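Asker: Pasting in a structure now, in structure tokens, and then I'll have a few things to ask.
The values are calculated or read from the model by the stated rules, or taken from the named source; none is laboratory data. Predicted, not measured: the structure shown is a model, and the values here were computed from it. No Cβ is skipped: glycine too gets one built from the backbone with ideal geometry, and neighbour counts run over all protein chains shown.
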Amino acid sequence: MKLAKLFALVTLSLTGSSLFLQACSSDSGTEGSGATSGGGGSTSGACFLNSCNSDAECAGCPEGRATCLVEENRCVACDPVTGKGCGDGEACSPFGLCAPAGQTCETDDRGEPLITCTADKDCKACDPMHQLCNGGKCSSCTPTDKSHCLASDICIDGKCSPKCPQSCDTDADCSQCGGPGNEAHACNAHKCAQCSDTVKCKDGLQCENGTCVPGCGIPNSLKPGDCVSDEDCTFCGGGDAAAAFVCKKAVNQNKPTDHGGCVPKAQGCSDLGNGVAVLPAPWNQATNTCSSDANCAGVDIQLNVGKLIRDAVGSDEINLGFKKIKIQDAYVSYGMSKCAKLDLTESISCGICVPCMVDADCKPIPVDPIVKDLFKGDALAQIASSFLIDYLYGDNPDHDLNFFCQPVAAGYGICAPCGNPTQPCGKGGGGGGSGACSHDKCVAGEALSCGDPCVKVCAEDPYCCDTEWDSVCVGEVDKFCGAGTCGSSSSSSTSSSSSTGSGGGGGGCAHSECKTGVKLTSSCSPCAKAVCLQDSFCCSDEWDVVCVDKAKKTAGCSCP
């Protein structure tokens, strides 16, 4: 992104549910008036100080900044090469701004001004990101004036900072993320998202990869579409009547407590797509049978990116102050390139083309090639497009909408937007490396890439192996490798307790039998043995909510 992007005087800000064009500020430090004309020294016309392509787009800028420096896309008041353009008693700064003759702006080795100011005029010789006087220092912004910031910024301690950071450590870092109705105030695996372990979903929704979605299968199960009854499959396939799903179990494992997988309610393959939906809208546009992924090459649907953008912004229009512009529908082709196997009965299996089976199948959608289509037919389409990109992405050069594979049945899913779709979901691909670790996984330090199997944390949170193994990563060891791995809640904390203590857990178990988690061994405690005798799934696959419920009802377990 060009340097000029950092010098914005005209930006978009989110007010209520719309985007507004914000005009230049005066020396008083308050926000300016409308963009089409203005007081405070501006003339009639628009002022696009950070994105101009001609002098006409600088006609409304204040302080004589009526010339477009095209190579930087900035409106300037004078020629920084020749020094011409300023009035008597003024000199042209290296940044094309007119400052009082003789005024200087000494900086430290980080480029921060060392001068003390009492008003904005004392900062005129400074660079464009230190033009405002804030508490005696020449700064980028003030609590009441963010006109120099990007649309995606907020003002923190006199500096323009992203509303939604590229990575987070706490929920507080995400307090400004997302639009109305699509808030992303949770820090999930170092990414701002809709939900996390600390920010729960409402209305019975489940947290999948940081996004609140209708659950398919037993809540919080590590196995998508896992079920013990048809009721567990209620919200599979989107939860509508045309997409009825049932819990399919093996013939020799058909007891009420046995586990199965959620599949469409169909008698044969010909029913799929013919009265029996395999996927929810809009993914039900195509129902193609297959025997391998090769059969699904070229199968796609038309995905409405305009709707995704409206959801991300929280409005169906942007308001430029002098004109409202509707965000229109814009479609792209999205692949259904994976062949999923559906076992409808013991003797009938069908292959169906679906968008994904794992997160890596969901490819991001670049926004730049289609952003003008969102405002097609409008004379201000170019301006609206640039402002929308700045609002959504700030100085992030990757202008993509990102997705993850949301399970809608056992073995496959749909590509759903991440909790904050302008950034990749927290869950990623990696998963450590080989060799010895540079430090203990239970201690914060440099990024880990080693042979320890518990570095699979990185498959869920790539930050830990790409950037830093911080306290969040240490906490995730227990979450993804079994509670108590780092001695926080299981074997180390319960080793002196009996297996029938108040926590219900034996000293040798990876976690309490009263909490969901990885599978337990039947030998770790009498409680685990009793539960696994009733339901072998708990010791062979996962200790899920069904296992916990059994523990609560089993003699020898003392779950509250």
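Asker: Do you know which residues across segment 62-112 are part of a loop (DSSP other than H, G, I, E, B) and of a type in the set (S, T, N, Q)?
Answerer: ASN73, THR82, SER93, GLN103, THR104
Asker: Here is a list of conditions, (1) touching a Cys at 6+ places or on another chain (Cβ under 8 Å); (2) within 25 Å of GLU476 (Cα to Cα); (3) crowded, with 20+ Cβ neighbours inside 10 Å, and CYS514 meets all of them except one; can you say which number that is?
Answerer: Unmet for CYS514, out of (1) touching a Cys at 6+ places or on another chain (Cβ under 8 Å); (2) within 25 Å of GLU476 (Cα to Cα); (3) crowded, with 20+ Cβ neighbours inside 10 Å: (3).
Asker: Among the residues of segment 523-557, which ones are surrounded by 17 or more Cβ atoms within 10 Å (Cβ to Cβ), hydroxyl-bearing (Ser, Thr, Tyr) and either over 23 Å from VAL477 (Cα atoms) or in the same structural domain as SER229 (by TED's automatic domain parsing) (or both)?
Answerer: Within segment 523-557, just THR554 meets the criteria.
Asker: Regarding THR422, is this residue of a type in the set (Val, Ile, Thr) and under 17 Å from ASP311 (Cβ atoms)?
Answerer: Yes: the conditions hold for THR422.
Yes or no, residue by residue, for (1) acidic (Asp, Glu); (2) in contact with a strand residue (DSSP E or B) (Cβ under 8 Å, 6 or more places away or on another chain); (3) without any contact (Cβ under 8 Å) to a residue 12 or more places away in the chain; (4) outside the structural domain of ILE414 (by TED's automatic domain parsing):
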position	(1), (2), (3), (4)
ASP232	yes, yes, no, no
PRO256	no, no, no, no
GLY260	no, yes, no, no
VAL305	no, yes, no, yes
VAL313	no, yes, no, yes
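Asker: Is at least one residue of segment 407-425 at pLDDT 90 or above and over 27 Å from LYS223 (Cβ atoms)?
Answerer: No, every residue in segment 407-425 fails to be at pLDDT 90 or above and over 27 Å from LYS223 (Cβ atoms).
Asker: Among the candidates CYS68, CYS92, CYS52, single out the residue that is over 40 Å from the mean Cα position of the chain (by Cα) and either buried (at least 20 other Cβ atoms within 10 Å of the Cβ) or not assigned by TED's automatic domain parsing to the domain that holds ALA151 (or both).
Answerer: Unique residue meeting the criteria: CYS92.
Asker: Please state which one of ALA384, ALA379 is in a helix (DSSP H, G or I) and either in contact (Cβ under 8 Å) with a residue 12 or more places away in the chain or surrounded by fewer than 20 Cβ atoms within 10 Å (Cβ to Cβ) (or both).
Answerer: From the options ALA384, ALA379, the qualifying one is ALA384.
Asker: Separate question: Please verify whether segment 492-509 includes one or more residues that are outside the structural domain of CYS187 (by TED's automatic domain parsing), at pLDDT below 80 and either acidic (Asp, Glu) or under 30 Å from ASN254 (Cα atoms) (or both).
Answerer: yes
Asker: Moving to a separate point now. Cβ-Cβ below 8 Å, separation at least six or inter-chain, first residue in segment 112-140 and touching a residue at least 24 places away in the same chain (Cβ under 8 Å) and surrounded by fewer than 20 Cβ atoms within 10 Å (Cβ to Cβ), second β-branched (Val, Ile, Thr) and not in a strand (DSSP E or B): which pairs?
Answerer: LYS137/THR116
Asker: Just need a number here: residues in segment 175-206 that are surrounded by fewer than 23 Cβ atoms within 10 Å (Cβ to Cβ), touching an Asp or Glu at 6+ places or on another chain (Cβ under 8 Å) and under 24 Å from CYS236 (Cα atoms).
Answerer: Result for segment 175-206: 4.
Asker: Quick one: what pairs do we get from segment 74-103, first residue farther than 17 Å from CYS126 by Cβ, second surrounded by fewer than 22 Cβ atoms within 10 Å (Cβ to Cβ) and of a type in the set (Val, Ile, Thr), C-beta under 7 Å, 6+ apart or different chains?
Answerer: Correct list of pairs: CYS75/THR67.
Asker: Continuing with the same structure: Does at least one position in segment 139-154 carry a residue that is β-branched (Val, Ile, Thr) and in a loop (DSSP other than H, G, I, E, B)?
Answerer: Yes, that holds for at least one residue.
Asker: Across segment 155-199, which residue is farthest from the chain's Cα centre (by Cα) among those that are free of Cβ contacts under 8 Å to residues at least 12 places away in the same chain and part of a strand (DSSP E or B)?
Answerer: That would be ILE156.
Asker: Then there's this: Among PRO256, PRO224, PRO219, PRO280, which is the only one that is crowded, with 23+ Cβ neighbours inside 10 Å and of a type outside the set (Val, Ile, Thr)?
Answerer: Being crowded, with 23+ Cβ neighbours inside 10 Å and of a type outside the set (Val, Ile, Thr) holds for just one of PRO256, PRO224, PRO219, PRO280, which is PRO224.
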